[in-house]
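Rule-based calculations on the coordinates, nothing more; no lab input. Because the structure is a prediction, the values reported are computed rather than measured. Don't worry about glycine lacking a Cβ; one is built from the backbone with ideal geometry, like all the others, and counts go over all protein chains shown.
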Amino acid sequence: MLHDKLAELGLKLPDAPKTVAAYLPAVRTGNLVIVSGQLPLKDGNLIAVGPVPDVTSLDAASEAAGQCVLNALAALGTLIDHDYSRLVRVVRLGVFVASSEAFSEQHLVANGASELMMKLLGEAGRHARTAVGVPCLPLNTSVEMEAMFEVR
Amino acid sequence: MLHDKLAELGLKLPDAPKTVAAYLPAVRTGNLVIVSGQLPLKDGNLIAVGPVPDVTSLDAASEAAGQCVLNALAALGTLIDHDYSRLVRVVRLGVFVASSEAFSEQHLVANGASELMMKLLGEAGRHARTAVGVPCLPLNTSVEMEAMFEVR
Amino acid sequence: MLHDKLAELGLKLPDAPKTVAAYLPAVRTGNLVIVSGQLPLKDGNLIAVGPVPDVTSLDAASEAAGQCVLNALAALGTLIDHDYSRLVRVVRLGVFVASSEAFSEQHLVANGASELMMKLLGEAGRHARTAVGVPCLPLNTSVEMEAMFEVR
């Protein structure tokens, strides 16, 4: 189903993020998979850098949050043999938004992630979520998203 | 017991937060319940906005953290039929405090949440905790709190 | 093995952090242990305060992240009778770096934690990770790290 929905939306999962030095893209413990903070990398490039909304618009940041979702699903895939029928549900998303002074719409940026999860996974895509502002992020990305999944 | 303690303190749980578009107030996976980042909403209004301590005092922010606790317990309730005898313990609180420049007492703000959990739940209310400063939060709230509970 | 590796690196675990008022250094739920946000305390003093890199250098902050690892392992120890053969793996590290304006190398600070976990624990030390920038932290620490472990 995930791949049908991706095709319908004209999207595809990237290759799984490479294993970085001393940490992993995702770890499984029991039926939980914890995915590392994902940046909005697409074909090797960050699609949104700098604080929102002064440097990156709210719309662009929201789209970047969607890219983090694709990357998180790709990272998850490595631990379930890319068989997404083993995904029971998205449990939690944590969204960090690089924010210009007094920006207070981090939830709208995070909706770009939440809504894509719903479109791709339906009921299984509904999750708990925390969205907060931060002053700056690794590699100057505008948004970073971590995730927790339940798998079988 | 929770309801006795609430009455004793002159508090009551709010209605559970409404389901928001693409994410849920809380999700259960196994015996864990993950509660979304809660804002200090009371009767539909934020009781603390702006950075601490320049706009909102430390005391007001600490009280607001307590309101987040009530909202988190209400969100939890929806997943355990409001039967709090099924709550085994609070596992973790994550507290984000909108902070004025160089503010370094986020732990004191978070104590407003931790101490209320203890008062309401006794030993079952003791938890692991992370408290950090952020520049700004959704809707300009002064504090946001996420939670993890163990239930039976 | 942990104690051999510690000795090899000239390190030792501190005493477990004291129980603080209303929250605990670590909580176990099922086979998971959640460790509270750890500060780089060594012999009772913070070894890195203020934002990175303007006040604390990247190298000093990275070393401080390693101290957080030692403190997190000490906190974990209290829940497994200090028998680290019961540690199955590190599941997740969350690293918060107090950041000077536009600092974008939080991941390099966090590597100080990740690499020490690997040195101490080998494969069991590899984890998922989230690293973000924040403007300020409790007690003006430069870095704070929370952790999730799987135990048996």
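Using a 10 Å cut-off on Cβ to Cβ distances, tally the other chain neighbours for every residue of C:119-128 and report the average as a whole number.
On the way: counts 1, 0, 0, 0, 0, 0, 2, 6, 6, 16.
Going residue by residue through C:119-128 and averaging, the value is 3.
Using the alpha-carbon centroid of each, what span in Å lies between region B:32-68 and region A:24-58?
27 Å
Just flag the trypsin sites (Lys or Arg not before Pro) in region A:1-96 sitting in loop per DSSP whose Cβ has no more than 10 other Cβ atoms within 10 Å.
The qualifying sites are A:Lys12, A:Lys18.
Given the rule -39500 (n - 2.57) for each run of at least 4 DSSP H residues, summed and divided by the residues of the protein assembly as shown, what is its mean residue ellipticity at 222 nm, to the nearest 500 deg cm²/dmol?
The helix-only estimate for the protein assembly as shown comes to -9000 deg cm²/dmol at 222 nm.
When chain A is modelled as a GNM with alpha-carbon springs shorter than 10 Å, which of A:Pro53, A:Pro138, A:Pro40 fluctuates the most?
Maximum fluctuation in the GNM of chain A, among the listed residues, is at A:Pro138.
Need one value for A:86-93: mean number of C-beta atoms belonging to other chains within 10 Å of its residues' C-beta atoms.
Mean number of neighbouring Cβ atoms from other chains: 4.
Where does the charge balance sit around C:Arg152 when Lys and Arg score +1, Asp and Glu -1, over other residues with C-beta under 11 Å from its C-beta?
0
For A:Lys18, place a label point 7 Å out from Cα along the Cα→Cβ vector, do the same in each other copy, and report the separations in nm, one decimal, smallest first.
In ascending order, 4.7, 4.7 nm.
Would you list which lysines come within 17 Å of C:Lys5, measuring only between C-alpha atoms, while excluding same-chain residues fewer than 8 positions from it?
Partners found: C:Lys119.
Cβ under 12 Å from C:Ala64's Cβ, C:Ala64 left aside: what net charge do those residues give with Lys, Arg +1 and Asp, Glu -1? Write out the running numbers ahead of the final one.
Working: positive: C:Lys42; negative: C:Asp59, C:Glu63, C:Glu144.
Overall, the nearby charge balance is -2.
How tilted is helix C:106-121 with respect to the longest principal axis of chain C? Cα atoms for both, answer in degrees (0 to 90, nearest 10).
Result, in degrees: 20.
Rounded to the nearest 10 degrees, what's the angle between the helix C:58-77 long axis and the longest principal axis of chain C, both from Cα atoms, 0 to 90?
30 degrees
With chain C rotated onto chain A, spot the residue of C whose Cβ lies nearest the axis and note the distance in whole Å.
Taking Cβ atoms only, the nearest residue and its distance are C:Pro135, 3.
Taking the label point 7 Å from Cα in the Cβ direction, how far apart in nm is C:His3 from each other copy of itself, listed shortest first?
5.2, 5.2
Extending each Cα 7 Å along its Cβ direction at C:Asn45 and A:Asp4, get the distance between those two points in nm, one decimal.
Spacing of the two 7 Å Cα→Cβ label points: 6.5 nm.
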